[in-house]
Amino acid sequence: MIQDYKDSDVLVEKCQEAITEKMYQENIASMKSAGRDLNHLEFDRLADKFSALKGFRDSDILSEQCRKEGVYLRVFHDLNKDGITVKEFEYSAEQLSSISGYKDADDLAKQFRAKAQRLKQTNKWILRSVVFLILLLLVFSMKGPGNLTFYTASGVCFILFKWFLLLGSKWHMKKAFGCFLPAGIILLLIGLIRLAMQ
C-alpha cells in the first residue's frame, strides 16, 4: 500500500466519497422509480442501505422515512386476508402507533383498536349464543317428541347458517361450523332415530 505517497489519503477519501455518493444515488433512484409499488420488505432493505451510509447527506432522514413506510405497508400486507383476529388488529394498531405522525397512522391505529374492541364483543356474543343454543337444543332433544327434535335442530342450524353468512367473514363461518355443525348433526340424528322409532 502507498500510504505516504503524495496525496494518497486525499484520493482514498475522494474515492470513498464517490462510492458513497453512487450508493446514495442508487437508493434514491430505487425509491423514486418504484414509489408505491415497493413492498414492505424492499422499504426495510432501503432503510438499511440508507442507514449504512452513516449520515451522508440526508441518508438518516431517508432511512427513517423508509422504515416508517415499511411498517405502514407491512400493516396492510398483514391485514390483507380474511378472518383477522383481535390480536392481529391490536398488533397492527401498536405498529401504527410506533410511527405516530406518519401519514394517517394515528387515525388507522384508532380504527384498528375500535375494530379489535368490536370483534371482542362479537366473539363474546357468539360464545354466549353458542352455549345457550346448544343447551336449548339438548333440552329439546331429550324432552320433546322426535319430530320436534328434528325440526328444531334443522331450523336452528339453518338460522345460524344464515346469521353467520350475514357476518360475511370466513373466520366466523369456520367458527359457526366448528361449534354448531357437530351439535346440529347429532341432534338431527337423534331426531331421525326418534322419528323412526315412533
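General observations
- Cβ-Cβ under 8 Å pairs, at least 6 apart or on other chains, segment 27-55 side at negative phi and modelled with pLDDT under 85, far side surrounded by fewer than 16 Cβ atoms within 10 Å (Cβ to Cβ) and acidic (Asp, Glu): none
- Matching residues, segment 50-64, being of a type in the set (Phe, Trp, Tyr) and closer than 13 Å to MET31 by Cβ: PHE50
The values are calculated or read from the model by the stated rules, or taken from the named source; none is laboratory data. This structure is a prediction, so every number in the text was calculated from the model and none was measured. Note that we place each Cβ from the backbone using ideal geometry, even for glycine, and neighbour counts take in every protein chain shown.
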